[in-house]
Protein chains: 6
Amino acid sequence: MATVPLLSYADASPEARAVFDDIKRVRGVDDVNNFWKALAHSPELLQSVWSQAQQVMKPGALDAMTKELIYIAVSAANGCEYCVHSHTAAARAKGMTDAQHSELLAVIGMASQTNALVNSLQVPVDEAFKK
Amino acid sequence: MATVPLLSYADASPEARAVFDDIKRVRGVDDVNNFWKALAHSPELLQSVWSQAQQVMKPGALDAMTKELIYIAVSAANGCEYCVHSHTAAARAKGMTDAQHSELLAVIGMASQTNALVNSLQVPVDEAFKK
Amino acid sequence: MATVPLLSYADASPEARAVFDDIKRVRGVDDVNNFWKALAHSPELLQSVWSQAQQVMKPGALDAMTKELIYIAVSAANGCEYCVHSHTAAARAKGMTDAQHSELLAVIGMASQTNALVNSLQVPVDEAFKK
Amino acid sequence: MATVPLLSYADASPEARAVFDDIKRVRGVDDVNNFWKALAHSPELLQSVWSQAQQVMKPGALDAMTKELIYIAVSAANGCEYCVHSHTAAARAKGMTDAQHSELLAVIGMASQTNALVNSLQVPVDEAFKK
Amino acid sequence: MATVPLLSYADASPEARAVFDDIKRVRGVDDVNNFWKALAHSPELLQSVWSQAQQVMKPGALDAMTKELIYIAVSAANGCEYCVHSHTAAARAKGMTDAQHSELLAVIGMASQTNALVNSLQVPVDEAFKK
Amino acid sequence: MATVPLLSYADASPEARAVFDDIKRVRGVDDVNNFWKALAHSPELLQSVWSQAQQVMKPGALDAMTKELIYIAVSAANGCEYCVHSHTAAARAKGMTDAQHSELLAVIGMASQTNALVNSLQVPVDEAFKK
């Protein structure tokens, strides 16, 4: 359970409801996810995060699925269970195949291993990277 | 400086030199990076990491540049300076544009923000993600 | 479940019981939280953590509620579910309002975002901060 | 050094310069910090982070100095050297005393210790926290 | 629940079954743990992790139990619930006593505390450590 | 550089000097490390950390070198450069061989890899670990 009650549409403030309505419209869903219901206690934060999410995650120089893969990678490194679940679902909805998921996992695992080795060895940055 | 002396080719064991030779050949470079020189104290670990790196980072269901973006994301989340530098350089060498770099940063920042919000709120995983 | 059995008062050693008694007396509660029951396998560690907690968390140059906000921030960054729950409850008991909780979340989210951006960009420390 | 060149005012785009001008005006400084010069490669991200920073860090239900203490706590937990430096300087500028800094450190240290103990013990959340 | 279905022996591919058989044979168990069932979607990754695990965790210059203690320490620092559980069980199976477990916890707690203090203070590395 | 000036013996308060004297006596050194000089701004915290360090790191059910290995592992996972340096030096002083260091690194790397895989897959804890 959350550290705040999840706010349903009925319980949310008019400002929060307006954001819920926008999420439902943009995503074509009947209800918003728990994340938004928890954020709804702070309509200002809810609005800010939703605006950012639309801006940041829209296709641009990187396609929408690649952005989801990056999101999963950060969320796994930060140990965020909810985020890993929601963005793995989002990546699948945007076309991530099982083979792509497997390769994503392999890269996340390898990066974590070498990050830890570098932190254990305190390897100095090569001059070549400092240009 | 590192917690071990960086081993140059001259100082490395025959087993480590063989890996150095392979890295230089595969990557078409004159010398290996500091990471490999630090790992060379353990030729077995050096060989294992190098084999994995080739296997994991080769193009497959995900292209080589996308894999580097994921590597950067994990390394930033784990706070590994060396890894962020070396894989940002690698991503650029594999074609990452400035616009792609900017969008990568935006996604890493947004994911880190929402990871922290979720961890602060302890949002329960939606039933919809459990199917 | 925990990696050790939670020790009830009945099962705890005399040394652990003495700490349990002190916690119940100081906090005016009928039973101690799970954290203390898990630590009770090591009465020395239990005593040390309890002594520190009283020393560190008492009002001083910072008031008790501000200390709880800082505790929540660290616990969220470290992804500790139990700690976020117990210190959010403690902060509320010490007067944290919903508006303060919302602002706490916004700062935790923003700090996490910029931490990740800085780690991705490896921004050098300004000379002005080095005085 | 950073993974991107730091952009001076002279080198920045008109959009980035407009944000630089706003930062200088609001903060009453002659030049912006390295963080903003690194972000300036992405004027959109620069603008977004600056807007958020003003919104989130302004005094509200929590005062400006308390927000800086929370920022330091998150940054220390995430191991962000730059952020710890810049927000320690900001906290001092907003009135943090040496005694407050010492107590902040003690709470950060204690929280990190108990976070790690809880993660090692996997203590289940008490029923009392679930109401 | 996992972000992928756990694959039982019946559902796994021939390549994954071969690794399952090897794990069961080497460990003398009737079934493999959930970790391997989740990894089985990628037989290549399953094989790679299993090979590494045998190579890395076998007794050498460090005995098998000490390696498990280190594994627990890393897993607690990274907040990996599953890993803390499985490697605490493994350490016990390899002879870890309750007294050793208590001392392990005390060191993990203390290290986490001083890590956070150092990150808050940004203590420069002593010259003596740079030799 | 640190976020506080490092306090030399000459500049430290009498309370801090008493701890410095004790550290020098117990360790048989002419001067204390930077960590203690940074902590000396808070004599109470300095005393508390030094007392704990002696208590926690003394040989017991685990020998002194094994405790240093665990300390390095936590410090690497938390990305604490200073701590990795100081405890690698301490481990060597307590007899850590190059072969032991190499195996320590291999375990830290492997644990970090599987922690990340588990966090990506959100593997549920096996029933067998819940007894």
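A short reminder: the numbers here are calculations on the coordinates, not readings from a lab. Keep in mind that this is a model prediction, so the values were computed, not measured. Cβ sites come from the backbone with ideal geometry, for glycine too, and all protein chains shown count toward neighbours.
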key: At 7 Å out from Cα toward Cβ: C:P59 inter-copy label distances (nm, ascending)   = 2.1, 4.9, 5.9, 5.9, 6.6
request  = Any chance you could get the radius of gyration and Dmax over the Cα atoms of the protein assembly as shown, in Å?
outcome  = 24.9, 72
note = Nearest 10, in degrees from 0 to 90: the angle of helix E:64-77 to the longest Cα principal axis of chain E is 70 degrees
ask   = Distances from F:K94 to the same residue in each other copy, label points 7 Å out along Cα→Cβ, in nm, shortest first?
value = 1.8, 3.4, 4.0, 4.0, 4.7
message = Taking beta carbons within 10 Å but only from partner chains, what does the mean come to for residues C:39-51?
response = 4
message = For the rotation taking chain B to chain F, which residue of B has the Cβ nearest the axis, and how many Å away is it?
response = B:G79, 2
ask   = For labels at E:M1 and C:E127 in the simple 7 Å Cα→Cβ model, what's the distance in nm?
value = 5.9 nm
remark   = Dividing the helical contributions, -39500 (n - 2.57) per DSSP H run of n ≥ 4, by the residues of chain B yields a 222 nm value, nearest 500 deg cm²/dmol, of -21500 deg cm²/dmol
ask   = So how do A:S8, C:S102 line up by other beta-carbon neighbours within 10 Å, fewest first?
value = A:S8, C:S102
key: Pairs of lysines in chain D (C-alpha under 24 Å apart; 8 or more residues apart or interchain)   = 10
note = With the label set 7 Å along Cα→Cβ, D:D22 is separated from its counterparts in the other copies, in nm and shortest first, by 1.7, 5.3, 5.3, 5.4, 5.7
request  = Report the Stokes-Einstein translational diffusion coefficient (µm² s⁻¹, integer) for chain B, Rh taken as the Kirkwood radius over Cα pairs, at 37 °C with viscosity 0.692 mPa s.
outcome  = 191 µm²/s
task = Using only Cα atoms, find the angle between the long axis of helix A:14-27 and the longest principal axis of chain A, and express it within 0 to 90 degrees, rounded to the nearest 10.
result = 60 degrees
query = Over the alpha carbons of the range D:1-58, what is the largest minus smallest coordinate on each principal axis, giving the biggest first in Å?
reply = 30, 21, 20
ask   = Per residue of A:5-13, what is the mean number of Cβ atoms on other protein chains within 10 angstrom of that residue's Cβ?
value = 0
inquiry  = Compute the helix-to-body angle for A:43-57: its Cα long axis versus the longest principal axis of chain A, expressed 0 to 90° and rounded to tens.
reply    = 50 degrees
ask   = How large is ³J(HN,Hα), in whole Hz, for each residue of the range C:98-103 in order, when computed from phi with the Karplus curve 6.51 cos²θ - 1.76 cosθ + 1.60 and θ = phi - 60°, using x for Gly and Pro?
value = 4, 5, 5, 4, 4, 6
task = Work out the mean other chain Cβ neighbour count within 10 Å for the residues of C:23-33 and drop it here as an integer.
result = 1
query = So what are the ³J(HN,Hα) numbers for the range A:80-93, from phi and the Karplus equation (6.51, -1.76, 1.60; θ = phi - 60°), rounded to whole Hz, Gly and Pro as x?
reply = 9, 4, 4, 5, 4, 5, 5, 7, 5, 4, 5, 4, 5, 4
query = Which value, in debye to the nearest 20, describes the size of the charge dipole of the protein assembly as shown about its Cα centre when Lys and Arg Cβ atoms bear +1, Asp and Glu Cβ atoms bear -1, and nothing else is charged?
reply = 0 debye
message = Can you give the FRET efficiency to the nearest 0.05 for B:D11 and F:A93, using r as the Cβ-Cβ distance and R₀ = 25 Å?
response = 0.55
message = Rounded to the nearest 20 debye, what is the charge dipole size of chain D about its Cα centre when +1 sits on each Lys and Arg Cβ and -1 on each Asp and Glu Cβ?
response = 200 debye
